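Structure record follows, encoded as structure tokens.
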Amino acid sequence: MNLDEFNGVQGLMRLETTLGLSHEGAELSRLGAIVTNVERRVAAWERMTPSALMREHAVLDALFAVTERVDVSAFVNGGELPNYWWSRLAIQLDGIGVYDRLLKQIHRETHALSAQEYLQEARSLGGIQAGVAAKARAASWHADCVNRAREMLDGGRAPRELTGILAIRFNKTPRRVRTALQAAGVLESRKRK
């Protein structure tokens, strides 16, 4: 974004559009309308849950651009702000005690977005880890089942009796036992025609 566009009328119009305000009138009255709108929104945001606050991302993002410009400019210029609409807006918001409250809501939404991304990543990894753990547990009972089946075959049991007996012993379905034994080569798989 060109700095002159942000500092000038174009930047003000973009913010007004985001807030749903008109672009008509003198700059001072337009800034007054923005202050009133932001004050109302901040009061509503303070009562919202973080997840509801995230639905206001477009507005919060537009206001973040303004507050970031103000904060950087104030830091670089030793607390002095240039004579642009966004600095006058910040001064008016600060004058009625809304500027710091707005910053808190912007930070709240940023933390909520970060937490959401973290949870999605954790859930994804959790699913993978759960799958790995389930596979390890399955490998354990598969090995025990195969060893027991080989012992039973060596003891003279008929192959057709193995699945029923082992299903009860390992508390699994006969199909799961048969699949494990076929995968280990203990039972031959029957191909259906």
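Structure summary
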quantity: Helices (runs of 4 or more DSSP H) lying entirely in the range 93-193 (those with 2 or more residues that are at pLDDT 80 or above, within 38 Å of the chain's Cα centre (by Cα) and surrounded by 10 or more Cβ atoms within 10 Å (Cβ to Cβ)); calculated: 99-154
quantity: Residues that are surrounded by 14 or more Cβ atoms within 10 Å (Cβ to Cβ) and part of a loop (DSSP other than H, G, I, E, B), drawn from the range 28-80; calculated: Met48
quantity: Residue that is surrounded by the most Cβ atoms within 10 Å (Cβ to Cβ), among those in the range 1-27 that are of a type in the set (A, V, I, L, M) and within 32 Å of the chain's Cα centre (by Cα); calculated: Leu15
quantity: Ala74 of a type in the set (A, V, I, L, M), assigned by TED's automatic domain parsing to the domain that holds Leu19 and farther than 23 Å from Gly20 by Cβ; calculated: yes
quantity: Among the residues listed as Val76, Val72, Val38, the single one being at pLDDT 90 or above and either under 15 Å from Asp100 (Cα atoms) or among the hydrophobic types (A, V, I, L, M, F, W, C) (or both); calculated: Val38
quantity: Cβ pairs under 6 Å, 6+ apart, first in the range 17-41 and free of Cβ contacts under 8 Å to residues at least 24 places away in the same chain, second surrounded by 14 or more Cβ atoms within 10 Å (Cβ to Cβ) and in a helix (DSSP H, G or I); calculated: Leu21/Ala33; His23/Met13; His23/Glu16; Asn37/Leu19
quantity: Cβ-Cβ under 6 Å pairs, at least 6 apart or on other chains, the range 82-93 side among the hydroxyl-bearing types (Ser, Thr, Tyr), far side buried (at least 18 other Cβ atoms within 10 Å of the Cβ) and assigned to a helix (DSSP H, G or I); calculated: none
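The values are calculated or read from the model by the stated rules, or taken from the named source; none is laboratory data. Note that the coordinates shown come from a computational prediction; the quantities given were computed from them, not determined experimentally. As a convention, Cβ positions derive from the backbone with ideal geometry for all residues, glycine included, and neighbour counts pool all protein chains shown.
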